[in-house]
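J.: Right, I'll just put the structure down here and ask away after.
The values are calculated or read from the model by the stated rules, or taken from the named source; none is laboratory data. Owing to the predicted nature of the structure, the values given are computational and were not obtained by experimental measurement. No Cβ is skipped: glycine too gets one built from the backbone with ideal geometry, and neighbour counts run over all protein chains shown. Each accessible area value is taken on the protein alone, full model and side chains, heavy atoms only, with ligands, DNA and RNA left out. Shrake-Rupley method; radii C 1.70, N 1.55, O 1.52, S 1.80 Å.
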Amino acid sequence: MTLDAVNAAAGRASSAAGSLATEWLHKTPREALADFGIQVATTHQHRSRAADLLNRMYGWRGYGRDHQIPEGEGCTTFVAAATEGLVGTLTLTVDSAAGLAADRTFGDILDTFRAAPGSSICELTKFAFDASTPARPRLAYLFHAVLIYGSAKHHCTDLFIEVNPRHRAFYEAMLGFRPVGDARTNESVNAPSHLLWLSVDAIRANIRSHREGDRSNSRSLYPYFLREGEEAALAMALDEVEGTRAIDRYPSGQA
């Protein structure tokens, strides 16, 4: 699928999801995702709508309603829109001198990964997704976009996410995250949290395995990840947005 095809698909669907639909970064012709697209949040409107969704979903779970979308160095927020409006948001933060959010609770553990030769650690934060929609193909699409971006632009080697214990099973089953160390108390929310880790090499191996027909884990998101042609088109679209020549550095066919 060429970038022209991507743009044509986005144009055909531009009336489906309000103003975000006309700005879709990438769409796929899959029927299950016909009304769905993603975008990098580069405008105040994107970030404001993402914050609204985040606070609605977090507030419903008792996590507060005053969360903001980060805009600091190394932070990139993705938003996902469909016919019913904005349905998802996820922020990728790349390690820098400012550190990661998880350093406040798990800094000693993260430092051991930082010390590994050639490592580039990254963190997922501010994740919210409206699960009342057909969620699994859409979730896979969003996570795959973040992986492509993190690999191509920032050469991420290790991905982390800090989660409440009640959400640990989701990330383990859906994406293969593994806990690092024991649960600790996150002082900022006065609640227990786990630090979960997933190597980027393991993500690529899982994608290859499922492309080759492995369906042993029926709960996994990997069977819904983009096909090789779709993946290349998305990498090209990310390259257009960021000017990073992502398609030149992303390992084609390795997801």
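J.: Ignoring any ligand, DNA or RNA, what whole percent of the accessible area of the stretch 141-243 comes from carbon and sulfur when the probe is 1.4 angstrom? Please list the in-between numbers first.
T.: Values: 2080 of 4550 Å².
Answer for the stretch 141-243: carbon and sulfur cover 46 percent of the accessible area.
J.: Further question on the same structure: Whole-Hz ³J(HN,Hα) for each residue in the stretch 66-77, computed from phi via Karplus 6.51 cos²θ - 1.76 cosθ + 1.60 with θ = phi - 60°, x for glycine and proline: what do you get?
T.: Going residue by residue, I get 10, 7, 10, 7, x, 10, x, 4, x, 9, 10, 9 Hz, with x marking Gly and Pro.
J.: Residue by residue through the stretch 154-171, what is 3J(HN,Hα) from phi via Karplus (6.51 cos²θ - 1.76 cosθ + 1.60, θ = phi - 60°)? Round to whole Hz and write x for glycine and proline.
T.: In residue order, the calculated couplings are 10, 6, 4, 10, 9, 10, 10, 8, 9, 9, 5, x, 5, 9, 4, 4, 4, 6 Hz.
J.: Related question: If you keep only loop residues by DSSP, which GluC sites (Glu not before Pro) in the stretch 154-198 have at most 10 other Cβ atoms within 10 Å of their Cβ?
T.: Glu187
J.: Report, for the stretch 103-213, the % of DSSP beta bridges that are antiparallel, rounded to 5.
T.: On the way: 11 of 14 bridges.
Roughly 80 percent of the beta bridges in the stretch 103-213 run antiparallel, per DSSP.
J.: Right, another one. Set the Förster radius R0 to 25 Å, insert the Cβ-Cβ distance between Thr83 and Arg211 as r into 1/(1 + (r/R0)^6), and round the FRET efficiency to 0.05. Before the final figure, lay out each step's value.
T.: On the way: r = 29 Å, r/R0 = 1.15.
Computed FRET efficiency for Thr83 and Arg211: 0.30.
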